[in-house]
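Below is one structure, written out as C-alpha cells; the observations come after it.
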Amino acid sequence: MRRFVMDEPILYLKSRAKNPSVTNTWAIIRISLLVFLLKLHSAFSEETNTAVEKESKLSHVENSNASIEEPTWTFCGTKRLSFIDVVLDANFSTSGSMAVGEECLLRPKCDETTGCNAPLHCFDFSKLENGSLEFSESRVVVVSPHRLESIVEDSAVQNVCAIVLFYAPWCTFSVQFARKFNALGRSFRGLPILALNLAESEPYKYILAYLPLVAFYYRGKTLFKFSLESSFEDLRDIVSNITGFEALPVNLSDPENEGPIRTERETSDQVFLAISVWMQQSSLKAFRACIPPLTFSTHKGSAGRVGVIGGSLEYTGAPYFAAISSLKAGGDLAHVFCPEAAAPVIKAYSPELIVHPLLSADATETTRAILPWLPRMHSLVIGPGLGRDPAIMASVKALIAEVRKMSKSMVIDADGLHLVTLDPSIVEGYRDAILTPNEAEFQRLYTKVFGAKATGNSGEQTKLLAAKLGNLVIVRKGQVDLITDGQNIIECNERGSPRRCGGQGDLLSGTIGLFSHWTNTAQTQVPGQLLAAYGSCYLVKKCAELAFAKHWSIHASQ
Ligand SMILES: NC(=O)C1=CN([C@@H]2O[C@H](COP(=O)(O)OP(=O)(O)OC[C@H]3O[C@@H](n4cnc5c(N)ncnc54)[C@H](OP(=O)(O)O)[C@@H]3O)[C@@H](O)[C@H]2O)[C@@H](O)CC1
Ligand SMILES: Nc1ncnc2c1ncn2[C@@H]1O[C@H](COP(=O)(O)OP(=O)(O)OP(=O)(O)O)[C@@H](O)[C@H]1O
C-alpha cells in the first residue's frame, strides 16, 4: 500500500471544461495552428527567433503549452505558501488536511470532471536545444539556496516542476533516504530533481518541521511535500503520474545510487543546532498555549500575583522594573517587599505597584511581617536591587526558607544570586527555583560550586551546574540565553538589542516570575519552569530588539 504523508497546502486539479473531449479537440486544433504559425514565422525571421531564445531559454515552455487549457487550481489545504513562505515560516508543520488533494494527486483513476488524473505537463529540459545542461541529464542536482530560490522564482511564470530534497549529511534519516532520492534523480531525464544540503546553508533560514523533506514545486508554488516512508517504486510512479514524465529503467540497488547525495552519515555539531531550533519552536508553541485567555469569568489576581523581594536605598529601579514587567506582561497584581528607605521612591514610580516597607535587618521581624503575604503570591522574584548588606541578606535567606516550605516558584536574580553563591544549599534540590545569572554571576556561582572557573562548552557547563544544584533551572543570560534544568537545554537566540543598559535582567526576572505561574497552572509536556524561562527570554529579547529598532538608544523603561 502506498503511504504518503502530505501537508498543506495541497492543491487539486479541476478542469474548467464541462466536456473534456470538446476541450481536447480544440486543444489539438489550437496546437496545430500554433505549430503552423511558428513554422511560418521561423521561415521569415530566424534572426528574431535567435534573439528571443537568447533572452529567455524558458520562453519555449510558455509557447509549447500556450494552447493547453489552463487548469483551475483549487486549494485542498488552507493556505497558499510560496517558496519563501515555506522556508521561512516557522509554523511550517507536518500536519494538515490531505483528503481531497491526496485523492486527486495519488489515485491513478480519478473522476473525469475533476480532471484530477491529468498530469501537469511539466516542462522537459532535455528538449531544450540550448537548454540548461544541468537539468537535461538524469541525475540529482545539488543546489545552493540561492540557486534554488532563482529556479523556483523562474518557474513561477513557467510550467516548470521541481522536486527538491532538503537534507543534511549528519541526519540519519536523510542518509537512509539518499539512495532512493539518487535513484529517483536517475529515473527522469529533463525534470529538475534537486537537493539542498542544509549543512551548507544558513542553518536558521530553513525552519523545517522534519528532515529529510521532499517538496514538489510547480509554477513557483509548493504543490505538496511528501514523507519518505514510501518505496522507491512508489515514489517514482507518483512523480511519473504527476509530471507526465516516463521513468527510465533504474534499480534501487544500482551502485550509481551511492551519489551525489552521500549515503554515509557525517558527524557534525549541527545536530545540536537542529535540535535547538526544534526545541525553540516547540517551546514557543507550548508556551503560547499556557497564556491564560482573557475572559469575563476570571477575577482580579487569577492571571498572576507576583511578589518581588528586593530594593535598597541605592537601587530602587531594579525591583520596580521586575514588578512592573510582570504587570505589563499580563499579571494582575505586583507586590514589592523592600526596605523602608526604598518604599516611597518605588511607590512614587507607579501607582500600580503594591509596596510593602517590611524588609529589615531583623530576620525574625522581617519573616513575621512578610510571612502572611507569601501564601497569596503565585511566585516570588528575589534579589533585584537588594544590595549586599549582610543583615538584609540574612533576612532574605530566612524568607527563602519560608518560600521553599510553601513550594512556590521562586526566581533568584542579582543580589539574590550573591546570597546563593555564599551558600548554595539554600536552593539546592529546590526544583521550583529559577536562577537567572548574567555571565559574571554565573562564573562566580560555578566557581563556588565546582572550585574552578567554567571552561569548555557553555551549554554543558550550565547543564552541569543546574544538575549539581539538584536540577533547578538556570537561565544563563547573554547573547544567546541558555536555559537548562540539568537535563534539557533550550537556547534563546533571538537577536535582542546591542544596547546593554542596566535593568534588562530585572525585566526578565519579573516576567519569568509571572510566566512560571502560567506554565505551572497549565498542563505542559516541556517542564513548566523551563517553558516560563524560555517564554520570558523570548519576550524580553524580542521587546529589546523592537525597542532598539524604534528608538536606537534604549533604556529598560522602554
Ligand atoms: N536601575 C537600577 O536600580 C538597577 C539596579 N541594578 C542592581 O544593581 C545591583 C548590582 O548589580 P550589577 O549588575 O551591577 O552586579 P553584577 O552583576 O555583579 O555586575 C558587577 C560587575 O560584573 C561585571 N559584569 C556584569 N555583567 C557582565 C557580563 N555579562 N559579562 C562580563 N562581566 C559582567 C561588570 O564588571 P565590569 O565590566 O564593570 O568590570 C559589572 O560591573 C543589583 O542589585 C542589581 O539588581 C541592576 O539591576 C541595574 C539596574
Ligand atoms: N550580548 C547580548 N546581546 C543581546 N542580548 C543580551 C546580551 N547580553 C544579555 N542580553 C539580554 O539582556 C537581558 C539581560 O541580561 P544581562 O546580562 O544584561 O542581565 P543583568 O546584568 O542581570 O541585567 P541587569 O542590568 O538588570 O542587572 C537578557 O534578556 C539577555 O538575554
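The values are calculated or read from the model by the stated rules, or taken from the named source; none is laboratory data. Quick caveat, the model's predicted, so the values are computed rather than measured. Methodologically, a virtual Cβ is constructed for each residue, glycine included, from the backbone with ideal geometry; neighbour enumeration extends over all protein chains shown. SASA here: full protein model, heavy atoms, side chains in, ligands and nucleic acids out. Shrake-Rupley method; radii C 1.70, N 1.55, O 1.52, S 1.80 Å.
Data overview
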| quantity | calculated |
| --- | --- |
| Flag for Q523 being free of Cβ contacts under 8 Å to residues at least 60 places away in the same chain and surrounded by 15 or more Cβ atoms within 10 Å (Cβ to Cβ) | no |
| Checklist (1) within 20 Å of G505 (Cβ to Cβ); (2) away from ligand 1 (no atom under 16 Å from the Cβ) applied to V480, failing item | (2) |
| Candidates D506, D485 - the one that is within 14 Å of ligand 1 (Cβ to nearest atom), modelled with pLDDT of 90 or more and open to solvent by less than 30 Å² (accessible area, probe 1.4 Å) | D506 |
| Test: residue in segment 355-375 that is aliphatic (A, V, I, L, M), within 37 Å of the chain's Cα centre (by Cα) and more than 12 Å from ligand 1 (Cβ to nearest atom) | no |
| Residue check for V526: closer than 21 Å to G304 by Cα and away from ligand 2 (no atom under 11 Å from the Cβ) | yes |
| Subset of segment 520-533 [touching a strand residue (DSSP E or B) at 6+ places or on another chain (Cβ under 6 Å) and modelled with pLDDT of 95 or more] | A533 |
| Residue match in segment 457-477 (condition: open to solvent by less than 10 Å² (accessible area, probe 1.4 Å), within 22 Å of G416 (Cβ to Cβ) and in contact with a Cys (Cβ under 7 Å, 6 or more places away or on another chain)) | yes |
| Residues satisfying the stated conditions in segment 308-338, i.e. more than 14 Å from ligand 2 (Cβ to nearest atom) and buried (at least 24 other Cβ atoms within 10 Å of the Cβ) | I309, S326, G331, A334, V336, F337, C338 |
| Single residue of L417, L359, L386 found to be buried (at least 17 other Cβ atoms within 10 Å of the Cβ), among the hydrophobic types (A, V, I, L, M, F, W, C) and under 23 Å from Q529 (Cα atoms) | L417 |
| Filtered residues of segment 376-386 (kept if in contact with a helix residue (DSSP H, G or I) (Cβ under 9 Å, 6 or more places away or on another chain) and more than 16 Å from ligand 1 (Cβ to nearest atom)) | M377, H378, S379 |
| Index of the failed condition, G496 passing every other in (1) open to solvent by less than 10 Å² (accessible area, probe 1.4 Å); (2) within 16 Å of ligand 1 (Cβ to nearest atom); (3) at pLDDT 95 or above | (3) |
| Segment 288-307 residues that are on the phi > 0 side of the Ramachandran plot, paired with ones that are open to solvent by 80 Å² or more (accessible area, probe 1.4 Å) (beta carbon under 9 Å, 6 or more apart) | G301/R376 |
| Residue within segment 295-303 that is more than 16 Å from ligand 2 (Cβ to nearest atom), open to solvent by 30 Å² or more (accessible area, probe 1.4 Å) and within 30 Å of I392 (Cα to Cα) present | no |
| Residues of segment 420-439 that turn out to be open to solvent by less than 50 Å² (accessible area, probe 1.4 Å) and of a type in the set (G, A, S), as a count | 2 |
